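Student: Would you mind keeping the following structure in view while I ask a few things?
The values are calculated or read from the model by the stated rules, or taken from the named source; none is laboratory data. Please read these numbers as outputs of a predicted model, since none were measured by experiment. Glycine gets a Cβ as well: all are built from the backbone with ideal geometry, and neighbour counts include every protein chain shown.
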Amino acid sequence: MTTPAPECAAEPTVEWVDCYACGSKDHEELLWSRDRLHRLPGRFRVVRCRDCDLVFLNPRLTREAILAYYPPSYPMNQFRPAEPADPLRRRLVARHLARMDRIKIRTVRRHAKLGPGSRVLDVGCGLGSFLAELSRRTGCRAVGVEPAPVPCRFAREKYGLEVHEGLLEDFEFEAGSFDAITLWHVLEHQFDVKKTLGTLAGLLALGGKLVVESPDFSDPLARVFGGFWCNLELPRHLIHFTPRTISRVLEDSGFAVESLRRGGAMPPCSVFLASLFAVFRATYDRDLVKTAYLTQAVWALTWPLFALEGVLTGRGVMTCVARAGSSR
Ligand SMILES: [Zn+2]
């Protein structure tokens, strides 16, 4: 059963914020929506900064209040590598996870030369399967930071990874000690995005690369689905970047953007399907593996269509590679 965390209040505590990018207080209201994934209480308001176009949640939940919106059924906590004896559905979900890991690894290796002696930091590393596979393939030393205790323990016990339980700001890593830092759908959850990026810029070695995958609010499907667009992920996503606004925030935080492309590790049809599920109030909240047959079948039948759609319009996500240093 899906059980909302006990501290989830009917009227969660909120706080108003100025624009994360430029500090402006002048915002226009774009839409109101709800937590479509877990159906936890609250209506949430998304605004656009009139000065720099950054789109963000305002007001947002406080750091304390938002914890209740990451229940144990949060999908990222449900992924598991599968054993051969597992049921087919579990193995299908695991195959999906492994495919995403392969795409992430390709992206990172395209931009960063990694080998034994290299160090890679994955912020929000979840269960650690990406880091473990990257380390296995390149010999690099992999380090993770993950606030959720269960995935943290899994990553340590299953893969023997060095994973620090908590938020990035809780730890002091050596300056300039990482050759690559990755954030897979993590930047949009940050309460102080410029401070986070500033910290990461200081942790990168000379020539090191930051790889960020994030939802792309300029995706036409965001207009089509409005408050049902799955990547709104309210109230967990605090910021809704576009290629232009993420570039600006990165550059203002001490990075030079080297590459920005639409698409990422998420499969082409996943944003469309998850948004459609939201419209019909179906959700994979309770058990991710219950949707495994459906998503795999739809994917198998429609991938050429969605591949074309992805080429033409984007895929709801974008991948950005940057290096520390304010000029190219
Ligand atoms: Zn602004």
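Student: Answer with yes or no whether G144 is closer than 14 Å to W184 by Cβ and in a strand (DSSP E or B). Explain how you work it out, then say what you get.
Tutor: Working: closer than 14 Å to W184 by Cβ: yes; in a strand (DSSP E or B): yes.
So G144 fits the description; yes.
Student: Further question on the same structure: Go through the range 1-36 residue by residue and tally those that are modelled with pLDDT of 85 or more, away from the ligand (no atom under 16 Å from the Cβ) and in a loop (DSSP other than H, G, I, E, B).
Tutor: Taking the range 1-36 first, the residues modelled with pLDDT of 85 or more are 13-36.
Applying the additional criterion that residues be away from the ligand (no atom under 16 Å from the Cβ) yields 13-15, 31-36.
Going one step further and asking which of them are in a loop (DSSP other than H, G, I, E, B), we end up with 13, 34-36.
Residues that pass the stated criteria total 4.
Student: Then there's this: Take R102 and tell me if it is basic (K, R) and closer than 25 Å to P147 by Cα.
Tutor: yes
Student: Follow-up. Residues that are within 16 Å of the ligand (Cβ to nearest atom), over 25 Å from P147 (Cα atoms) and of a type in the set (D, E, K, R): does the range 86-97 have at least one?
Tutor: Scanning the range 86-97 turns up no residue that is within 16 Å of the ligand (Cβ to nearest atom), over 25 Å from P147 (Cα atoms) and of a type in the set (D, E, K, R).
Student: Related question: Among the numbered conditions (1) away from the ligand (no atom under 16 Å from the Cβ); (2) over 18 Å from E11 (Cβ atoms), tell me where Y69 comes up short.
Tutor: For Y69, the failing item is (2).
Student: Starting from residues that are hydroxyl-bearing (S, T, Y) and surrounded by fewer than 21 Cβ atoms within 10 Å (Cβ to Cβ), keep the ones in the range 202-243 and report whichever is farthest from L168 (Cα to Cα).
Tutor: Out of the qualifying residues, it is S218.
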